[in-house]
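Undergrad: Provided herewith is a single structure, encoded as structure tokens, for subsequent inquiry.
The values are calculated or read from the model by the stated rules, or taken from the named source; none is laboratory data. Only a predicted model underlies this, so the values are computations on that prediction, with no experimental measurement involved. Cβ atoms come from the backbone with ideal geometry, glycine included; neighbour counts cover every protein chain shown.
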Amino acid sequence: MHEHSLINNLISKIVRLAKKEQATTVTRVCIKLGALSHMSASHFREHFDISAKGTIAEKAILDVEESHDVDDPDAQAILLKSVDVSS
């Protein structure tokens, strides 16, 4: 359930960013999963696909980078690296 809330918040942020750019479609989303984020790329993808359904991010290509550096200051984070959009 915690993952669902995190991903829903992320999708909301992505949609807000896209609308700010007056975009109609999110084409690509790049994410970095911290080493201590407790989420694998495949698990993240599952949640992302469910949460993005019915939004302008529904068909976005998802690039997920998994960090293995536990000493990284963002080791516990799920970071939104970039969002590509089109009109």
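Undergrad: Against the condition surrounded by 12 or more Cβ atoms within 10 Å (Cβ to Cβ), modelled with pLDDT under 95 and closer than 26 Å to residue 87 by Cα, how does residue 38 come out, does it pass? Talk me through it step by step, then tell me what you get.
TA: Values: surrounded by 12 or more Cβ atoms within 10 Å (Cβ to Cβ): yes; modelled with pLDDT under 95: yes; closer than 26 Å to residue 87 by Cα: no.
Here the answer is no, as residue 38 does not meet what is asked.
Undergrad: Which residue, of 87, 67, is more than 12 Å from the chain's Cα centre (by Cα), surrounded by 14 or more Cβ atoms within 10 Å (Cβ to Cβ) and farther than 16 Å from residue 9 by Cα?
TA: Unique residue meeting the criteria: 67.
Undergrad: Identify all residues within segment 24-40 that are within 10 Å of residue 57 (Cβ to Cβ) and hydrophobic (A, V, I, L, M, F, W, C); write none if there are none.
TA: Once the filter is applied, which keeps residues that are within 10 Å of residue 57 (Cβ to Cβ) and hydrophobic (A, V, I, L, M, F, W, C), segment 24-40 yields 26, 29.
Undergrad: Please state which one of 53, 32, 13 is buried (at least 17 other Cβ atoms within 10 Å of the Cβ), charged (D, E, K, R) and modelled with pLDDT of 95 or more.
TA: Selected residue: 32, the only one of 53, 32, 13 that is buried (at least 17 other Cβ atoms within 10 Å of the Cβ), charged (D, E, K, R) and modelled with pLDDT of 95 or more.
Undergrad: Restricted to segment 30-62, and to residues that are within 17 Å of residue 74 (Cβ to Cβ) and not small (Gly, Ala, Ser), which residue is farthest from the chain's Cα centre (by Cα)?
TA: 36
Undergrad: Give just the number: which of (1) on the phi < 0 side of the Ramachandran plot; (2) loosely packed, with under 15 Cβ neighbours inside 10 Å does residue 78 not satisfy?
TA: Failed condition: (2).
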